[in-house]
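Here's the structure, in C-alpha cells; my notes come after.
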Amino acid sequence: MTSSQDIPDLQGQVVGGKYRVDRLIGTGGMGTVWEGMHVALGHKLAIKFIKPAYATHPDARKRFEIEARAAAKLKTKHAVQVYDFGVTDDGIPYIVMEYLEGRSLSEMLMEKGPM
C-alpha cells in the first residue's frame, strides 16, 4: 500500500526547465503520474516520476529508462506518445507524455465488470 509519505509534493515545480507539474492524477507501485503543462507552449501533458525510494536503485532507474525508450519508439494510436525523458535536479527520473482525457481502466472495470 502506498502512503502519502512515499509521494513527494511536486505541485508547482518546473522540471526540465519547461514542464510545470500541476496535480497528481495517478499512483502505482514504483511511480506517480501528474498532470502538467509545457510552460512555453501551453500544452497539457502527463509527467510520470519514479518514486524517490526507487530513484537510488540502479535496477529501478534502468527499468524506468528502458520504459521511456520503448514507449517513445511506439508510433500507434493505441499508446500514448512520449515527448521527453529526464532527471530532476533532485535526481528523480521522469517521462513526459501525451495527456489523455478519460476514465482509467480500473474505473471502467469497477463500473462495468470484466470485459
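Share of the chain's accessible area from carbon and sulfur, percent, 1.4 Å?
Working: 4160 of 7720 Å².
Whole-percent figure for carbon plus sulfur exposure: 54.
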**OP:** Work out from phi, with θ = phi - 60° and the Karplus expression 6.51 cos²θ - 1.76 cosθ + 1.60, the ³J(HN,Hα) of each residue of segment 11-26, listed in order in whole Hz, and give x for Gly and Pro.
**Re:** 3, x, 6, 10, 10, x, x, 8, 10, 8, 8, 9, 8, 5, 10, x
Original post:
Hey, can you rank 8-18, 75-85 by average C-beta count inside 10 Å, highest first?
Top reply: 8-18, 75-85
Original post:
With the other protein chains left in place, how much accessible area per residue, in square angstrom, belongs to segment 33-92 at a 1.4 angstrom probe?
Top reply: 65 Å²
Original post:
In nm, to one decimal, how far is the residue 115 label point from the residue 77 one, both placed 7 Å along Cα→Cβ?
Top reply: 1.6 nm
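Keeping every protein chain in place, order 65, 101 by accessible area at 1.4 Å, biggest value first, i.e. largest first.
Numbers: 65 50, 101 135 Å².
Most to least solvent-accessible, the answer reads 101, 65.
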**OP:** For residue 89 paired with residue 63, estimate the spin-label separation in nm (one decimal), with each label point 7 Å from Cα along the Cα-to-Cβ line.
**Re:** 3.0 nm
**OP:** Mind listing the long-range amide H neighbours of residue 39? Cut-off is under 5 Å, sequence gap 5 or more, other chains count too, H placed in the peptide plane at 1.01 Å from N.
**Re:** 19, 20
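Ranked from highest to lowest mean number of other Cβ atoms within 10 Å per residue, what is the order of the peptides 86-94, 22-30, 102-110?
Working: 86-94: 16.4, 22-30: 13.4, 102-110: 9.9.
Taking the mean over residues of other Cβ atoms within 10 Å, the ranking is 86-94, 22-30, 102-110.
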Original post:
Relative contact order for the chain: what is it in percent, counting Cα pairs under 8 Å that are at least 6 residues apart?
Top reply: 19 percent
**OP:** Read through the labelled values (i) 32, 15, 11; (ii) 19, 17, 14; (iii) 22, 18, 16 and report the label of the one computed as semi-axes √(5λ) of the Cα gyration tensor in Å from the structure.
**Re:** (iii)
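The values are calculated or read from the model by the stated rules, or taken from the named source; none is laboratory data. Source: prediction; values computed, not measured. Because the Cβ atoms are built from the backbone with ideal geometry, glycine has one as well, and the counts that use them run over all protein chains shown. Just so you know, the surface numbers come from the protein's heavy atoms only, side chains and all, with ligands and any DNA or RNA stripped out. Shrake-Rupley method; radii C 1.70, N 1.55, O 1.52, S 1.80 Å.
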